[in-house]
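One structure below.
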Amino acid sequence: MITAIWKLGKSYLVKNKVQNAFVALLVLLSALLVCTATIIVSNTGDRFDEMHMRTNGSHQILTFEKKLHDPEAVQHWWQSQQGVQTSDLMRYHTLSGIVHQGKDIPNLYMFMMETPKNTPSVDQLIVTEGKTGVEPAPGTIWIPTSMAYPAGISLGDEISIPVDGTKLELQVSAIVVDVPYGAPFSNTARVWMNHEDYETRIDGLDGGSNFLLGLRFDNYGDNLAYWHSFSSAMGTPFLESKMEFEEISSFYLIINQIVGFIMIFLGAVMLIIALLTIGFTISDGILANYRTIGVYKSLGMTSRATILPYLLQYGLLSAAAILPAFALSTVLAKMIIDLSASSLRTPSSGSAIQGLGAAVIVAIMVFVLVLLFVVVYARRARAVMPAQAIRYGMSEGDSKLLLSRSNAADSTGIRFGHLPVSAAIGLRNLLINRKGTVIMLILTMLASSVLTLGSVVLSSIGGIQGTAAQWGYDSANAAAMVVNKSAFPYDEFEQTLASDSRISGYGWQGNMTAIVQSGSVASDQQNSASAPASSLSLSILEGSYEELGFANLEGDHPVLRNEISIGVQVARNLNKQPGDTIDVYIAGQRVTMIVTGIYQAIANMSNSARITMEGALAVYPDFNNRDVAFINVFNPKEANAVVSDLNGRFKETASIVTQGTLLDSVYNQASAILVYPMSLMGLLFLLATFLIIYSTCRINIRLASKTYGIYKSIGMTSGRIRGAIALGIVALAFSGTIPGIVLGIFVLPVLLEMVLSGYGIVSLPVILNGGSIALAAIISVAAAFLGSWASSKVIRDTSPRILTIE
Amino acid sequence: MLERQVIIAARNLCKTYSAGNEQYHAVRNVDLDIHEGEFTVIMGNSGSGKSSLLYLLSGLDNVTAGEVYFRDRRIDQFGERELSDFRAKNIGYIYQSINLVPDLTIWDNVTLPGYIAGQKKEAIATRARELAHTMGIEGQLGRLPSQTSGGQQQRAAIARALINSPDVLFADEPTGSLNYDQGVAVLDLLSGMNKDGQTVVMVTHDIKAACRADRLIYIRDGKIGGILEFGKQGDMNTNDREALIFSFVSQKVRV
């Protein structure tokens, strides 16, 4: 029996080679997408976690710029704590205005680091290019991947930085992975210098050196308890700047989540379609071989055995498709991961890809699903009655169905007398095989929904200038980031702004770390482990949040000193709504504030809050953090000129850029990370649409080949018949694109938001562009048309006699 | 004449097809015995139910009512596995439309039932070569059915039907799609096999083909309209036999 099954399975494979090839290609594409998505999702956290672990990465980074603490005392205290590792206390000085090959690199803010003499225990650097020793050679620097890759800086290149009226020229001798400062969209970079160079060129600059200390906790969740102890021991909370783990990790994680979600969605959809198509193909195969199956049964083949050749056929096809799909998925996933986490790429990254085991399981699941679908759809072969099959070539049920469909076509008015000939032929072609028609309808709907989602994401990224506030940023025309606070002439800068008639207003923003607790918790409970407290990044604005273009999801901006707006992550964790009160610990002082609004911010995963400068000063009168000035101009067209003028005067101590420049750099990175992989996936989906419609139409045409042969024999041109069939498919595809567009605009973004909500993005700032949505619809209809047109080639190439005999 | 054993028996056999609300009674209350080694021909007008009867006797179709026996076993009560086993080992079937599997070579078509019946590969090959020689299709074994003539295809189909040395060979108008010479050659083969002891049950319209039979059963409106016994072929010459059949059939048609 096994030999018989093998022979039949083989014959099924040899017959209908084109159809089999399409099924294999479809399984390959869907397996490719789901396996790739699985690997990407597995690597979303893993690549970052692995590098964070491998470099013994810090969870918090303390910077001492305000001379409010003795850095050595702070380091000493942390070194004495069990369960915490510290980095060396590293000297640095911030600079901006880098020039590479004669071009300014905007929006890059550099920590010029004195490289520690000992191998750091925390935040170890991993070399990706070049050779490192204990420290860079004199006149050379090590730069991080996050600075080198986006700016196109290569090993051996020279960069120059304006310092004190001269140029500091340094050669790149190594490119290193620097995890805390290497996330996508990062605009800060640590540049590692030789000790002598640092001493001679940097340390003596205005403002001198600052200090940086990295902390790594055995259990990051315990960090608040340590900070309480710190406050008790030092008699003051930590008043300098602190970068939290969420800030370090957010951009690493969020991008892969988006790519992974879209790929999983596409992969799952394509898999469902592939399975339905396989089922449909089997049904068609059984129908076409009904008589032969009857013969097999008459020769003594059992019902179960009639299914086995199909299992063999599709099992072999799937195996042949899934194995290369799996191999390809590892390559594709690596490409996408490298793109989205390029700054973590090291020479050994290839072997470090995670999630292969999960991808193998997914591939096996795809294989099993295919076999299950084969069993379900091939069940029909079990019911074949030999006598009926041999005499009539179909079951009684099918015979009745065929008759009823023919009658249905007439009863629905699809008659040649009622409709133009082309329309009647096109619509009757759709009624030949209703299951196939439904699959094509679903497919065009999904294809257009996916393309619509792609176009919505694309237009949303392209139009980010209009939605910056919804991503948690300001919408001011320009921003001046103070690079060297000690040397920055604040008064002169403010006078300049005030005297410039082009400038309509400005506001200073500073940042510090705060701790929040639910308002219902008594102050004496603050040290209790059960008290719901969390650390967050607090933004303090001197000026109006409204005027500088910040946005809330709900409620209003803080205006009064006791008002606060909070990020969605904070609101969710503490179950706060606008109007509720919240206890905030600012510089160790508890203050109860009223929540006026809730916003989302991609930075910090919305684990942040905003208050007014008055609010900060009321609690902490010495607060003087003025990190960034947001500047509005009367005429946005003059923003570039204003920025240019300001740079002319303050470039050495501040990085001043227009919002357009800032967002362009974001857009360029987003394009590299998101748009290209999504375009690739869109193309794959279009290919699948084409294949399935080609395959389904081909089956339909074969079922009705006699009819088309007769049409030809009575004088219709093959072009007219093919056109009529394509017309029907276009009408069908068009009916599918309308719900597809609705799905792509309203449903899929909601699913994406659900995925991203854990990362602090609960409402995607979507921009709809009618033109690109229409283009997406047209492309999916065009793919359907081409599939249909190509499939009907047989009508052109075959004589009426052969068509009618077939 | 020696008393032969009954190999196939039908008792009160009925088959009804439904077409919408209407019912079509293809076979009505047929009682029939087929004897071992006998060449039985079933004749009747188109739509009389002769092919339906053949399908029921061979276990290729379900009965609506009544009983069908193969020796002392009731095949209408067989489960799926038993029925498949019966089809594989006890019967061979030849169709008017030949029904070779178009994607398999003639060799694969002939040997396929052997594999289905679970025979040894060597035994299948030996038997297939022997049958190919008998049927005169040795030169066609590597070809696809579409690459051979109708007569060669039907001879391959007969070889396929005989590969498992069935107890009964059923043939449904085996010469219906062949030209005269091809038809005669096929009938000669069937007659030859019958002479060697093969039980044959054949449906035909052709009086010349019916001449080969030991017994003729005439079916009319799903019922047995009459039975004509000839005895063994040597008892009567072909012309007399044709005349007798013509007269018998004409009489039955008029009735």
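A few remarks follow.
- For segment A:541-621, the calculated P(r), taken from all Cα-Cα distances in 10 Å bins from zero up to the bin holding the longest distance, is 20, 54, 25, 0 percent.
- Sparsely packed loop sites in segment A:128-195 (the trypsin sites (Lys or Arg not before Pro) outside DSSP H, G, I, E and B with at most 15 other Cβ atoms within 10 Å) comprise A:Lys131.
- Helical segments meeting 24 Å axial Cα length and Kyte-Doolittle 0.0 threshold in chain A (DSSP H): A:17-54, A:245-288, A:303-340, A:356-382, A:434-462, A:676-703, A:718-742, A:770-791
- In straight-distance terms, cross-link reach from A:Lys485 covers every one of the lysines whose alpha-carbon lies under 28 Å from its own, apart from those fewer than eight places away in the same chain; here that gives A:Lys66, A:Lys67, A:Lys103, A:Lys117, A:Lys167, A:Lys242, A:Lys651.
- Shielding value for B:109-115 is 5, the average number of Cβ atoms from other chains within 10 Å of each residue's Cβ.
- Counting only residues at least eight positions apart within a chain, or on another chain, the lysines with an alpha carbon under 24 Å from that of B:Lys89 are A:Lys7, A:Lys297, B:Lys50, B:Lys120, B:Lys121, B:Lys195.
- Dimensionless Rg/Rh of segment B:97-165 - Kirkwood Rh, Rg from C-alpha atoms: 0.93
- By the count of other C-beta atoms within 10 Å, a proxy for reagent exposure, B:Cys211, B:Cys14 are ordered fewest to most as B:Cys14, B:Cys211.
- DSSP bridge pairs, segment A:60-243: antiparallel proportion in percent, nearest 5: 75
- A:Ser544 versus A:Thr717: modelled label distance in nm, points set 7 Å from Cα along the beta carbon direction: 6.9
- Using alpha carbons only, the radius of gyration of segment B:140-200 set against its Kirkwood radius gives Rg/Rh = 0.97.
- Relative contact order (%) - chain A, alpha-carbon pairs under 8 angstrom, separation at least six: 18
- Compactness relative to 2.2 N^0.38 Å, alpha carbon Rg of segment A:471-663: 1.08
- Taken over segment B:1-109, the percentage of Cα pairs per 5 Å bin, counting from 0 up to the bin with the maximum distance, is 2, 10, 19, 21, 19, 14, 9, 4, 1, 0.
- The separation of segment B:102-145 from segment A:108-149, counted between C-alpha centres, amounts to 77 Å.
- Stretch in chain B that is longest and holds no trypsin sites (Lys or Arg not before Pro) that DSSP places in a loop and that have at most 14 other beta carbons within 10 Å: B:121-231
- Helical mean residue ellipticity (222 nm; -39500 (n - 2.57) per DSSP H run of 4+; nearest 500) of the protein assembly as shown: -15500 deg cm²/dmol
- Residue-by-residue Karplus 3J(HN,Hα) for segment A:569-576, coefficients 6.51, -1.76, 1.60, Hz, glycine and proline x: 5, 5, 4, 5, 4, 9, 6, 10
- Label-point gap, in nm, between B:Ala65 and A:Leu323 - each point 7 angstrom along Cα→Cβ: 5.9
- The mean of 1/r over all pairs of different alpha-carbon atoms in segment A:60-243, once inverted, gives a Kirkwood hydrodynamic radius of 17.2 Å.
- Measuring max minus min along each principal axis, the C-alpha atoms of segment A:578-731 give extents of 95, 45, 27 Å (largest first).
- Between the C-alpha center of segment B:41-92 and that of segment A:419-459 there is a gap of 47 Å.
- Shown for the protein assembly as shown is the translational diffusion coefficient from the Stokes-Einstein equation, using the Kirkwood radius over Cα pairs, a temperature of 20 °C and a viscosity of 1.002 mPa s: 61 µm²/s.
- Among the trypsin sites (Lys or Arg not before Pro) found in segment A:1-94, those both in a DSSP coil and sparsely packed, with 13 or fewer other Cβ atoms within 10 Å of their Cβ, are A:Lys67.
- Spacing of the modelled spin labels on A:Val376 and B:Ser250, each 7 Å from Cα toward Cβ, amounts to 6.4 nm.
- Loop sites in segment A:538-581: GluC sites (Glu not before Pro), DSSP, at most 14 other Cβ within 10 Å: A:Glu546
- Among the residues of B:99-108, the average count of other protein chain beta-carbon atoms within 10 Å of the residue beta-carbon is 5.
- Placing R0 at 45 angstrom, the Cβ-Cβ distance between A:Arg796 and B:Ala125 gives a FRET efficiency of 0.50 after rounding to 0.05.
- Across the alpha-carbon set of chain B, the Rg to Rh ratio works out to 0.96, Rh being the Kirkwood radius.
- The mean count of C-beta atoms from other chains within 10 Å of the C-beta of residues in A:3-10, rounded to a whole number, is 5.
- Amide N proximity, segment A:588-626 versus A:Lys66 label position 7 Å along Cα-to-Cβ, cut-off under 17 Å: A:588-591, A:609-626
Values quoted throughout were computed directly from the atomic coordinates according to the rules given, and no laboratory measurement underlies them. Here the structure is a predicted model, which means the values were calculated and not measured. Ideal geometry is used to build each Cβ from the backbone, glycine not excepted, and the neighbour counts take in all protein chains shown.
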